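Encoded as structure tokens, here's the structure I'll be asking about.
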Amino acid sequence: MGRYRTRFLLLLVYVIVLLIVGTIGFALLPPHSVSDALYMTVITLTAVGYNEVHPLNDTGRALAAFLLVGGITGMGLYFALITSTIVEMDLAHVFRTRRTMKNLDKMKNHIVVCGAGRTGRQVIRELISSKIPYVV
């Protein structure tokens, strides 16, 4: 689960950096206030398409284009990350099941323990101490 957390944290850092760069960039363009700049950054990153708070000059349009590409890339990375996480988790289950089935196919002269309640656990302890192969 650690690699998934790392991937999500890296994506979060990516989005935060875009938010900071966009907010500072728009704030440096007159007459944007910091709240206007943050709002412009958010609507640009998410590709919402609302109108600009204030008309943009060429520098502002270039910043908006950069943020738009960065935001769409971030959304693509997010959906790819979610999809890969689901697929990897499912594949891990498939491989674990396959490994278990291969191990079962290799077993000969083993005992099948039906249930692992109080009695079943005692039977398992005795089988382990006797070094008799078993399957629960």
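The values are calculated or read from the model by the stated rules, or taken from the named source; none is laboratory data. Here the structure is a predicted model, which is why all the values come from computation and not from measurement. Backbone-built Cβ (ideal geometry, glycine too); neighbour counts: all protein chains shown. Ligands, DNA and RNA are excluded from the accessible area calculation, which covers all protein heavy atoms including side chains. Shrake-Rupley method; radii C 1.70, N 1.55, O 1.52, S 1.80 Å.
Any idea which of Thr97, Thr83, Pro133 is furthest toward the positive side of the dipole for the chain, if Lys and Arg beta-carbons carry +1 and Asp and Glu beta-carbons -1?
Pro133
Karplus couplings for region 89-94 from phi (6.51 cos²θ - 1.76 cosθ + 1.60, θ = phi - 60°), rounded to Hz, Gly and Pro as x?
5, 5, 5, 4, 5, 4
Sticking with this one: Tally up the carbon and sulfur contribution to the accessible surface of the chain as a whole percent, 1.4 Å probe, everything protein left in place. Could you put the intermediate results ahead of the total?
Details: 6570 of 9780 Å².
C and S fraction of accessible area: 67 percent.
Related question: For region 78-136, which trypsin sites (Lys or Arg not before Pro) pass both filters: DSSP loop (anything but H, G, I, E, B) and at most 13 other C-beta atoms within 10 Å? Provide the component values of the computation, followed by the final result.
On the way: sites: Arg96, Arg98, Arg99, Lys102, Lys106, Lys108, Arg118, Arg121, Arg125, Lys131; in loops: Lys108, Lys131.
Passing both the DSSP loop test and the Cβ count: Lys108, Lys131.
Go ahead and set up a Gaussian network model of the chain, Cα springs under 10 Å, then flag whichever of Leu38, Leu19, Leu104 fluctuates most.
Between Leu38, Leu19, Leu104, it is Leu104 that shows the largest mean-square fluctuation.
Taking the solvent-accessible surface of protein heavy atoms with a 1.4 Å probe, what is the per residue accessible area of the chain in Å²?
Working: 9780 Å² over 136 residues.
About 72 Å² of surface per residue is accessible.
May I pose another question? Could you compute how fast the chain diffuses translationally, taking Rh as the Kirkwood radius over C-alpha pairs and applying Stokes-Einstein at 20 °C with viscosity 1.002 mPa s? Give it in µm² per second. Don't skip to the answer; put the middle values down first.
Details: Rh = 19.7 Å.
D = 109 µm²/s.
Scan region 30-94 for chymotrypsin sites (Phe, Trp or Tyr not before Pro) in coil per DSSP, keeping those whose Cβ has at most 12 other Cβ atoms within 10 Å, and list them by number. List each step's numbers first, then the result.
Working: sites: Tyr39, Tyr50, Phe66, Tyr78, Phe79; in loops: Tyr50.
In loop regions of region 30-94 (DSSP not H, G, I, E or B), the sparsely surrounded chymotrypsin sites (Phe, Trp or Tyr not before Pro) are Tyr50.
Can you give me the long-range amide H partners of Tyr134? Hydrogens built in the peptide plane at 1.01 Å from N, cutoff under 5 Å, separation of 5 or more residues or another chain.
Close amide H contacts, sequence-distant or interchain: Ile111.
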